[in-house]
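A.B. asks: The structure's right below; bear with me while I get my questions together.
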Amino acid sequence: MPSTSSDEGLLEAAGRMPDHAYGLHVWSANYPHRAICSRPGALMASSDLIYLTVRGKGGHGSAPHLALDPVPIVAEMITQAQVMVAREFDIFDPVVVTCGKVVAGQAPNVIADTARAEFTLRAFKTATRNRLIERMRGLCQAVAQAHGATCEVELVELYPVTENDPQEVAYVQRHVEEVFPGRWQEMEHPVGAAEDFSKILQRIPGAFVFVSAIPEGEDHTTAAMNHSPNAIYDSARLVDCSTLLATLTLGRLTPASTDKNHTE
């Protein structure tokens, strides 16, 4: 799994673990102008990569019976992965399997020895994440075996589910409503993107919050998404982000917020 600052000892650098953790993420779409959004529990999905290498037997395109073509085997794996998602996983506990890259061969009339496919896997519960990974392993190896080929499966674990502490979300909501009246929106559903702040929330109670940086007058339902070269951000939201983080910090330094009997 890729390392983050939390893996490298940053959280212990002050001598003890922090008591609370808060993070912000701006968005250029999806959420209305100036909205500040979050939700208790799962906020963002886990993210993992699976690299498949299917090994067959190369040959001439005119005589496939003398070869073992890995390309249709990979194609079947991609199709069967979608069948697995639809038929083996609860629609109320969703997962996503997307094959974003397939590489095989160098000429249209030559059957390649190998084919490679790369998948991203997403889930919103840790147990579901683990099950999805194991089912993908088993499925792809079984499909390869059924055709007489072999399949190497390489897993890259990226990020766990971004899981917000409900009490911390309530704390953030209270301060947003005080400092930015009318701008708080509780999200009905989590999002399928992933976030490395999830590793910090595994160890420290806290919350991750979305801030809409879509320019005024833009339609958040059609605006260009984050990472798009066409994405546009309202720089005035930087002040909002700084203000919110400072407010959350100051709130935790007051006697009321450090009282264990204090109700958020």
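The values are calculated or read from the model by the stated rules, or taken from the named source; none is laboratory data. Keep in mind that what you see is a predicted model, and the values were worked out from it rather than measured. We place every Cβ from the backbone using ideal geometry, glycine too, and count neighbours over all the protein chains shown. Side chains are part of the model used for accessible areas, which takes the heavy atoms of the whole protein and leaves out ligands, DNA and RNA. Shrake-Rupley method; radii C 1.70, N 1.55, O 1.52, S 1.80 Å.
A.B. asks: In nm, to one decimal, how far is the modelled label at Asn130 from the one at Asp90, with both set 7 Å along Cα→Cβ?
C.D. replies: Label at Asn130, label at Asp90, 1.6 nm between them.
A.B. asks: Here's another thing I want to ask about it. With every protein chain in place, what's the accessible area of Ser242 (1.4 Å probe, Å², nearest 10)?
C.D. replies: About 80 Å², rounded to the nearest 10.
A.B. asks: Here is a further query. Using a Förster radius of 45 Å, what is the FRET efficiency between Gln202 and Val103 based on their Cβ-Cβ separation? Nearest 0.05, please.
C.D. replies: According to the calculation, E is roughly 0.85.
A.B. asks: With all distinct Cα pairs included, what does the Kirkwood hydrodynamic radius of region 194-257 come out to in Å, to one decimal, could you say?
C.D. replies: Mean inverse Cα-Cα distance, inverted, gives 14.4 Å.
A.B. asks: Then there's this: May I ask you to give the percent of accessible area on the chain that is carbon plus sulfur, with a probe radius of 1.4 Å? Can you show the working numbers first?
C.D. replies: Numbers: 7490 of 14010 Å².
Carbon-and-sulfur percentage of accessible area, whole number: 53.
A.B. asks: Here's another thing I want to ask about it. Not counting the cut sites, what is the longest span of the chain without trypsin sites (Lys or Arg not before Pro) that DSSP labels loop and that have at most 14 other Cβ atoms within 10 Å?
C.D. replies: Formally, the longest exposed-site-free interval is 17-202.
A.B. asks: Given a 1.4 angstrom probe, what's the average accessible area per residue across region 1-121, in square angstrom?
C.D. replies: 51 Å²
A.B. asks: Now, a different point. Rounded to the nearest 20 Debye, what is the dipole magnitude of region 1-84 about its Cα centre when Lys and Arg each give +1 and Asp and Glu each give -1 at the C-beta?
C.D. replies: 240 debye
A.B. asks: While we're here: Of Thr162, Thr114, Thr53, which has the most accessible area with a 1.4 Å probe, and how do the rest follow in descending order?
C.D. replies: Largest accessible area first, the list is Thr114, Thr53, Thr162.
A.B. asks: Given Ala231, His220, Tyr159, which one lies farthest toward the positive end of the charge dipole of region 137-264, if we put +1 on the Cβ of every Lys and Arg and -1 on the Cβ of every Asp and Glu?
C.D. replies: Going by the charge dipole, the pick is Tyr159.
A.B. asks: To the nearest 20 debye, what is the magnitude of the charge dipole of the chain about its Cα centre, counting +1 on the Cβ of each Lys and Arg and -1 on the Cβ of each Asp and Glu?
C.D. replies: Taking the Cα centre of the chain as origin, the dipole is about 500 debye.
A.B. asks: Modelled label-to-label distance, Arg55 and Met17, 7 Å Cα→beta-carbon offset: nm?
C.D. replies: About 4.4 nm, to one decimal.
A.B. asks: Quick check: residue separation of His147 and Gln167 times 0.36 nm, minus the Cα distance between them. What number comes out in nm?
C.D. replies: Stretched fully, the His147-Gln167 segment lengthens by 2.0 nm.
A.B. asks: Before rounding to the nearest 500, sum -39500 (n - 2.57) across all DSSP H runs of length at least 4 in the chain and divide by the residue total; then give [θ] at 222 nm in deg cm²/dmol.
C.D. replies: -9500 deg cm²/dmol
A.B. asks: While we're looking at this one, here's another question. Helix 126-146: angle to the longest alpha-carbon principal axis of the chain, degrees 0 to 90, nearest 10?
C.D. replies: 10 degrees
A.B. asks: Okay, moving on. With the cut-off at 1.5 for a/c, could you classify region 148-250 from its C-alpha gyration tensor as rounded, prolate or oblate?
C.D. replies: Oblate.
A.B. asks: If you put +1 on each Lys and Arg Cβ and -1 on each Asp and Glu Cβ, how big is the dipole of region 1-145 around its Cα centre, in Debye rounded to 20?
C.D. replies: 220 debye
A.B. asks: What would the Debye equation give as log₁₀ I(q)/I(0) for region 82-207 at q = 0.12, 0.17, 0.18, 0.19 Å⁻¹, counting only Cα atoms as equal point scatterers?
C.D. replies: Those come out to -0.64, -1.00, -1.08, -1.15, one per q.
A.B. asks: Please list, in chain and number order, the residues 5+ apart from Gly56 or on another chain whose amide H is under 5 Å from its amide H, with Hs placed from the backbone.
C.D. replies: Counting only residues 5 or more places away or on other chains, the set is Thr114, Ala115.
A.B. asks: Label-point separation (nm) for Tyr233 and Leu253, each offset 7 Å from Cα along Cα-to-Cβ?
C.D. replies: With each label point 7 Å from Cα toward Cβ, the separation is 2.6 nm.
A.B. asks: Any idea which of Ser28, His60, Val95 is furthest toward the positive side of the dipole for the chain, if Lys and Arg beta-carbons carry +1 and Asp and Glu beta-carbons -1?
C.D. replies: His60
A.B. asks: Leaving out ligands and nucleic acids, note down the accessible area per residue over region 164-213 with a 1.4 angstrom probe, in whole Å². Mind showing how you got there, number by number?
C.D. replies: Working: 2140 Å² over 50 residues.
For region 164-213, the per-residue accessible area is 43 Å².
A.B. asks: Quick one: how many Å² of Glu134 are accessible to a 1.4 Å probe, rounded to 10?
C.D. replies: Accessible surface of Glu134 is approximately 110 Å².
A.B. asks: Using 0.36 nm per residue, how much length does the chain from Thr79 to Val156 gain when fully extended, once their Cα-Cα distance is taken away?
C.D. replies: 25.6 nm
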